[in-house]
Amino acid sequence: MTTVVAYGDGRTVWMAADTCTNVYERPVIGGATKILRLDAVDDDVLVGLAGHGGLASVLPETVLPISPEEGEPTQNWANAVALALTQRAIEHGLVDDGQLDGNLILGWRGQVWTIAHAMAIPHPDGVAAVGSGEGPAIGALDALRICDVHPTKAIQLAVEIACRRDRYSMPPLQVEVLEWHDPATQLSSGAGSSLPPT
């Protein structure tokens, strides 16, 4: 009952989600936060949520591993993040047959992973989607990228299209942008940071 879509270009992660939830099969429009911004000590990460609604309440308190230095392998770190998030969910009983009750998207430094139970699956093309509207959203995002639509607009449109095709996903949308600048590059160039237009 969710659509979350993400795109990473190796430097920036764009993520968008619907905000609908259901109470006794009655849709509550705009009632859910499905993208979290979490602290990985010296970095922020984005986590998109599809699954048990309680995940949005318990995952923000997760202690995440320190992110790797620039140039270091990232997959072991992403797996450690997946394990930490899974353990947090298990501690609060947010499981289905012992497995994490949901699928997540992890976005960090322009990279995206799908997180299942204690596992981070990398997406080398930078495109990921989870939830009941995953199919329409990822297809729409692929088409929009081919047409060179700016990523901020592309992820918004992808979720809007999914909301039209998936009866469990509804606007308004939540949109998050996480841009990363290598501190060493910033210090040497004196460049500041800015977000792309929304």
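The values are calculated or read from the model by the stated rules, or taken from the named source; none is laboratory data. Bear in mind the structure is a predicted one, so any value in this text is a computation, not a measurement. Cβ: placed from backbone, ideal geometry, glycine included. Neighbour counts: every protein chain shown. Please note that ligands, DNA and RNA were not included when accessible areas were found on the heavy atoms of the full protein model with its side chains. Shrake-Rupley method; radii C 1.70, N 1.55, O 1.52, S 1.80 Å.
If each DSSP helix of 4+ residues adds -39,500 (n - 2.57) and the sum is divided by the residues in the chain, what number results at 222 nm, nearest 500 deg cm²/dmol?
Values: 5 runs with 56 residues, N = 198.
Taking each H run of at least 4 residues, the total per residue is -8500 deg cm²/dmol.
Once phi is turned into ³J(HN,Hα) by the Karplus curve 6.51 cos²θ - 1.76 cosθ + 1.60 with θ = phi - 60°, what whole-Hz value does each residue of the stretch 107-123 show in order, with x for glycine and proline?
Going residue by residue, I get x, 7, 6, x, 10, 10, 9, 8, 9, 10, 4, 6, 8, 10, 9, x, 10 Hz, with x marking Gly and Pro.
I want to make sure I understand the PRE zone here: with the label point 7 angstrom from the Cα of Glu61 toward its beta carbon, which residues in the stretch 90-129 have backbone N atoms less than 12 Å away?
Only 91-93 pass the distance filter.
Please work out the average accessible area per residue across the stretch 30-152, using the 1.4 Å probe convention, and give it in Å².
45
Using Cα springs under 10 Å in a Gaussian network model of the chain, which residue among Val23, Val13, Val47 shows the largest mean-square fluctuation?
Of Val23, Val13, Val47, the Gaussian network model singles out Val23 as fluctuating most.
Compute the signed sum of charges (Lys and Arg +1, Asp and Glu -1) over the other residues within less than 12 Å, Cβ to Cβ, of Val58.
-2
Only loop residues by DSSP count here, and only those with at most 12 other Cβ atoms within 10 Å; note down the GluC sites (Glu not before Pro) in the stretch 47-136 that meet that.
When the GluC sites (Glu not before Pro) of the stretch 47-136 are filtered for loop state and at most 12 Cβ neighbours within 10 Å, Glu69, Glu70 remain.
Among residues other than Tyr168 whose Cβ falls under 14 Å from its Cβ, what is the net charge (Lys/Arg +1, Asp/Glu -1)?
Spelling it out: positives minus negatives among the neighbours equals +1.
Could you work out what % of the accessible surface of the chain is carbon and sulfur, using a 1.4 angstrom probe and leaving DNA, RNA and ligands out of the count?
On the way: 5000 of 9600 Å².
Using a 1.4 Å probe with all protein chains present, the chain comes out at 52 percent carbon and sulfur.
Using Stokes-Einstein with the Kirkwood hydrodynamic radius over Cα pairs, what translational diffusion coefficient do you get for the stretch 78-125 at 4 °C and a viscosity of 1.567 mPa s, in µm²/s rounded to a whole number?
Working: Rh = 10.8 Å.
Diffusion coefficient, whole number: 120 µm²/s.
Where in the chain is the longest stretch that carries no trypsin sites (Lys or Arg not before Pro) classed as loop by DSSP and with at most 13 other Cβ atoms within 10 Å?
The longest uninterrupted stretch comes out as 12-166.
How much net charge surrounds Pro136 when only the other residues with a Cβ under 13 Å from the Cβ of Pro136 are counted, with Lys and Arg +1 and Asp and Glu -1?
So the surrounding residues net to -2.
Hey, got the dipole for the stretch 1-147? About the Cα centre, +1 on K and R Cβ, -1 on D and E Cβ, debye to the nearest 20?
Values: 7 positive and 18 negative charges, 71 e Å.
For this selection, approximately 340 debye.
May I ask you to derive the relative contact order of the chain, considering only C-alpha pairs under 8 Å and at least 6 residues apart, and to give it as an integer percent?
Over the chain, the number comes to 31 percent.
Would you pull out the residues with amide H under 5 Å of Ala40's amide H, same chain only if 5 or more places away, H placed 1.01 Å from N?
The answer is Val45.
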